[in-house]
1. With angles folded into 0 to 90 degrees, how steeply does helix 37-51 sit against the dominant principal axis of the chain? Use alpha carbons for both and round to 10.
2. Give me the compactness ratio for the stretch 1-147, meaning the Cα radius of gyration over 2.2 N^0.38 Å.
3. Under the classification rounded if a/c is under 1.5, otherwise prolate if a/b is larger than b/c and oblate if not, where does the stretch 115-251 fall, given a ≥ b ≥ c as square roots of the Cα gyration tensor eigenvalues?
4. Where does the chain land at 222 nm, in deg cm²/dmol rounded to the nearest 500, when only DSSP H runs of n ≥ 4 count, each adding -39500 (n - 2.57), divided by all residues?
5. What is the percent of Cα-Cα separations in the chain that go past 42 Å?
6. Give the separation of the Cα centroids, the stretch 405-448 to the stretch 37-88, in Å.
7. Report the dimensions of the stretch 63-141 along its three principal axes from the alpha-carbon atoms, largest first, rounded to Å.
8. If you line up the long axis of helix 206-223 against the longest principal axis of the chain, both from Cα atoms, how many degrees apart are they, to the nearest 10?
Ligand code: ATP
């Protein structure tokens with residue numbers, strides 16, 4: 001089951017501390033959100049799950065954490081200065097601005113007027129100045145994607161790791177786009193994180209690798225609770241392709257506001273490395289005598305069978321963290337009708353994504369011995385390194401269960417009077433609400449088994 005509306009999700013996110021409007025006390029900032037105590041855990045867990053599958057479960061991918069501030073030249077040569085724009089229209093009646101491709105029936109989405117200007121390109125990149133002097137030289141951008149610094153670091157990574165194709169460079173990080181109309185909660189925002197892999201391959205093998213990455217990414221989404229049935233593949237028409245792309249397959253997900261892009265998997269060919277190489281050759285930097293490379297191609301790699309240098313093609317699976325969180329929350333969201341007619345709201349998050357792994361609850365909040373055993377249990381579990389383990393000392397077990405159902409906590413452990421006699425605890429499962437009794441000595445193994453990916 002999923003949420004019936006975006007409001008259901010936004011309300012849960014605020015109530016339980018997942019996501020807040022940024023600078024809310026000052027009226028908020030459109031398209032900017034903050035992640036609260038549960039949100040930061042979910043976000044970190046999701047990024048870890050991506051890194052796990054992209055880097056740790058493979059032998060052919062290196063990681064990178066590059067700068068956000070990007071010199072103007074990088075985004076000039078990458079083609080972003082010229083083409084990274086959306087078509088903007090102004091409404092002559094209400095003066096609001098919209099994306100031309102979001103206009104339906106030629107009417108302003110705010111006031112319904114048909115008095116709209118012709119579309120004109122609006123560049124989405126945020127500009128800033130680096131250093132105390134604001135002039136042409138100090139002018140820089142906040143990166144609109146993480147990919148460009150992967151390309152500009154290509155040689156550094158290859159030289160320091162001795163990689164040859166096929167291999168990839170993975171990066172997760174903040175990106176900024178001055179979206180004309182941010183909307184649909186965290187779906188379209190101006191500051192967000194992207195999880196990006198640039199996978200370098202030999203030209204000619206690129207189309208097969210493209211398909212391989214589509215399959216791998218669909219498997220990954222399934223492991224995050226977003227089933228194959230919830231995703232549709234969209235082959236982006238030639239006219240809509242980004243300037244760098246030969247072919248792009250978008251994974252479309254049924255968000256509460258409708259079917260929309262969750263992840264893009266593009267065949268960027270040798271466009272980016274090629275463009276940066278052209279810049280290097282203009283500066284006369286391409287001759288690399290030490291490594292005896294072809295003097296016209298700096299961002300190249302050697303084919304070990306022929307000793308030829310070539311610019312690799314690149315396949316790029318690129319997924320926004322915020323959209324991933326929205327999809328994962330939506331898939332996990334459920335309002336369940338209980339036998340007694342009451343309802344409970346729960347998040348059936350996969351345990352490895354759950355913000356809190358275990359909540360330990362003393363049956364009586366003021367009972368010294370019970371609370372002390374509960375505290376000791378929490379400490380023991382915390383040192384397993386599985387994520388957040390909390391003490392929930394309200395004394396109202398039923399209420400605490402409901403709270404943790406909404407937080408997606410997979411297990412609640414109750415310490416009661418029997419614990420003091422035989423050192424056993426009750427473990428209550430979030431999804432089935434079944435309860436089992438286990439010796440405390442077996443708790444660590446039980447929790448580890450249940451939480452690990
Ligand atoms: P859209 O067509 O929705 O504007 P895009 O095709 O421009 O997206 P890409 O450039 O392919 O997006 O970016 C890769 C991924 O980054 C997207 O699939 C999406 O998950 C995420 N993303 C892009 N723009 C935003 C945004 N403004 N807010 C949140 N996530 C975004």
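1. That works out to roughly 50 degrees.
2. Computed over Cα atoms of the stretch 1-147, the ratio equals 1.39.
3. oblate
4. Details: 13 runs with 134 residues, N = 453.
Calculated at 222 nm, the ellipticity per residue is -9000 deg cm²/dmol.
5. Working: 28024 of 102378 pairs.
Considering the chain, 27 percent of its Cα-Cα pairs are separated by more than 42 Å.
6. Taking the Cα centre of each part, the stretch 405-448 and the stretch 37-88 sit 39 Å apart.
7. Rounded to whole Å, the extents work out to 44, 33, 20 Å.
8. Approximately 20 degrees, to the nearest ten.
FYI, it's all coordinate maths here, none of it is from the lab. Nothing here was measured: the structure is a model prediction, and the numbers come from that model.
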